Amino acid sequence: MAFGTFGVNGIKKTEPIKDEKDSTMELLAKKKKELDDLSFEVLGNVIDQITLSTDSSDMIQKRTVQDKVNETVNNILFETKRHLSLGDKQRVCNSVMDEIYGYGPITTLLNDPTVTEVMVNGPKNIFVERGGKITKTEHSFRDDRHVMHIIDKIISPLGRRVDESSPLVDARLPDGSRVNIIIPPLSIKGPSITIRKFSVDPYTLEDLISFGTLNADMAKLLRASVRGRVNVLVSGGTGSGKTTLLNVLSGFIPNDERIVTVEDAAELQLQQEHVVTLEARPANIEGKGRITIRDLVVNTLRMRPDRIVVGEVRSGEALDMLQAMNTGHDGSLTTIHANTPRDSLARLETMVMMSGMELPSRAIREQVTSAINLIVQVARFTDGTRKITKITEIVGMESDTITLQDIYVFRQDGFNERGGVIGKHIPTGIVPNFLEKIKAHGDNIPASVFKTVDLSAESSQRRY
Ligand SMILES: Nc1ncnc2c1ncn2[C@@H]1O[C@H](COP(=O)(O)OP(=O)(O)OP(=O)(O)O)[C@@H](O)[C@H]1O
Ligand SMILES: [Mg+2]
């Protein structure tokens, strides 16, 4: 709101005046409320008059319902002597159809291919992520009950429920999108829904190179590493691109190998022929039947896999994964939630401790050192881009500490005028020890590739 200064009777007085922007916003909000109220009224009317078959793909029924909605909108407008533009009328009809056949106010966001994530923080705050940037939308629910109704639409076909006694649920939409739901009292400001949309057309290696996530030399190293059965851990924070990178790395596994994937919610999309996809299962309504990632990893070992790909290690399965990597299932891949390679090791150690097996720290570190060869650290930057910030080799142990050496690092030089990150991926000059292993599998990466081009990278050459 702007403040204007007026002279009244010679006395200067400062009082608020509404600028144009404020009044336009108010008008828009009023209009939106008017349309929302009308949609609600139409919905109430239509629902009483139709019986929906359970087959949501029934196009004839959908057309009949659509006609009924149009007719009801026209009737209400006529009876209440109101007039709406064609565009607004269409908006009302669409929103009623979205309530009946979709997920209410978030339907169009879910159908928008440029949206990658939809976040509902209570009824009035709906955010989306597009091109890595999070923005607030104009969409809203009427109230908490409306959000709960849509939540019910999402989870009841899956035989799940959410209520005060079980206030959080992980689920998937029929198109594969990953959904997390958390409701009061855990979520203080109303029911919250987070949907990571399933990408029908996942990013390829070429996409990631063109986004600047990594450069072509790093891609060659990663491809050769996966083919050469180097064990890789992808580490990164929430939404930093771990799963996307894991998907690309898994794509490097030769076609004639048997791959078993284990995930909480099946997100990976491997193109190879010989893939077994396993998905963990939460407990049912009676609290029974839970199958954990760990159960699946253990089972995987009886399935004669050449490679095991675990979507994310979060708990005791870390120990089973390390043991698998150490016992002939090398070339396995997984991700972990951590902000630096060093941090990922600490987390891994904690996870192994959660396995229930009482192992001294040193023994765990030895397991880690002999199991994992390479850590690929990813991060989401302020401009929404995702980049590999480090490719780090696990070298061995010095006393009780695991030694790491960076092979590539991202050096950020600043920002451009639009807030975009400027920087470069550079080799540190260190030639990885596992080159020999890679060579044995037929890929030859000349040591000269790792020659550092920039003296300022020297500081990261140290082992740490
Ligand atoms: N290299 C990339 N460049 C641009 N966008 C990316 C990149 N990698 C992933 N994304 C986008 O970022 C979002 C998160 O990606 P992804 O699911 O891979 O992250 P994650 O680290 O596995 O997240 P979570 O911690 O929630 O499991 C997705 O919308 C995806 O399309
Ligand atoms: Mg993920």
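The values are calculated or read from the model by the stated rules, or taken from the named source; none is laboratory data. Only a predicted model underlies this, so the values are computations on that prediction, with no experimental measurement involved. Every residue, glycine among them, receives a Cβ derived from its backbone with ideal geometry; neighbour counts consider all protein chains shown.
Below, the figures for the structure above:
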quantity	calculated
Matching residues in the range 278-314 - criterion: being among the small types (Gly, Ala, Ser) and touching a helix residue (DSSP H, G or I) at 6+ places or on another chain (Cβ under 6 Å)	ALA280
Qualifying strands (runs of 3 or more DSSP E) (wholly inside the range 217-302; at least 2 residues being crowded, with 22+ Cβ neighbours inside 10 Å)	232-236, 259-263
Any chance ASP207 is part of a loop (DSSP other than H, G, I, E, B) and either within 15 Å of ligand 1 (Cβ to nearest atom) or out of contact with any strand residue (DSSP E or B) (no Cβ under 7 Å at 6 or more places or on another chain) (or both)	no
ILE154 being surrounded by 14 or more Cβ atoms within 10 Å (Cβ to Cβ), within 16 Å of ligand 2 (Cβ to nearest atom) and within 28 Å of GLN269 (Cβ to Cβ)	no
Filter result for the condition that a residue is surrounded by fewer than 19 Cβ atoms within 10 Å (Cβ to Cβ), in contact (Cβ under 8 Å) with a residue 40 or more places away in the chain, within 24 Å of ALA280 (Cα to Cα) and away from ligand 2 (no atom under 16 Å from the Cβ), over GLY356, GLY316	GLY356
Pairs, first assigned to a helix (DSSP H, G or I) in the range 319-330, second of a type in the set (S, T, N, Q) and surrounded by fewer than 23 Cβ atoms within 10 Å (Cβ to Cβ), C-beta under 8 Å, six or more apart	LEU319/SER355; LEU319/GLN367; ASP320/SER355; LEU322/GLN367; GLN323/GLN367; ASN326/GLN367; ASN326/SER370
Of residues in the range 190-208 being buried (at least 16 other Cβ atoms within 10 Å of the Cβ), aliphatic (A, V, I, L, M) and farther than 25 Å from MET325 by Cβ, the one farthest from ligand 2 (Cβ to nearest atom)	ILE193
Strands (runs of 3 or more DSSP E) contained in the range 93-201 and holding at least 3 residues on the phi < 0 side of the Ramachandran plot and within 14 Å of the chain's Cα centre (by Cα)	115-121, 126-130, 168-172, 178-182, 192-196
Residue match in the range 341-363 (condition: closer than 20 Å to ASN247 by Cα, at pLDDT below 95 and aliphatic (A, V, I, L, M))	no
Scan of the range 386-411 for residues that are modelled with pLDDT under 95 and over 25 Å from ASP330 (Cα atoms), ordered by number	SER399
Where a residue in the range 104-127 is of a type in the set (Phe, Trp, Tyr) and its partner, wherever it lies, is in a strand (DSSP E or B), with Cβ under 6 Å and at least six apart	PHE127/MET119; PHE127/ILE134; PHE127/LYS136
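Here is a yes/no grid of residues against (1) away from ligand 1 (no atom under 16 Å from the Cβ); (2) among the acidic types (Asp, Glu):
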site: GLY237; (1), (2): no, no
site: LYS242; (1), (2): no, no
site: LEU246; (1), (2): no, no
site: ASN255; (1), (2): yes, no
site: ALA266; (1), (2): no, no
site: GLN323; (1), (2): yes, no
site: ASP330; (1), (2): yes, yes
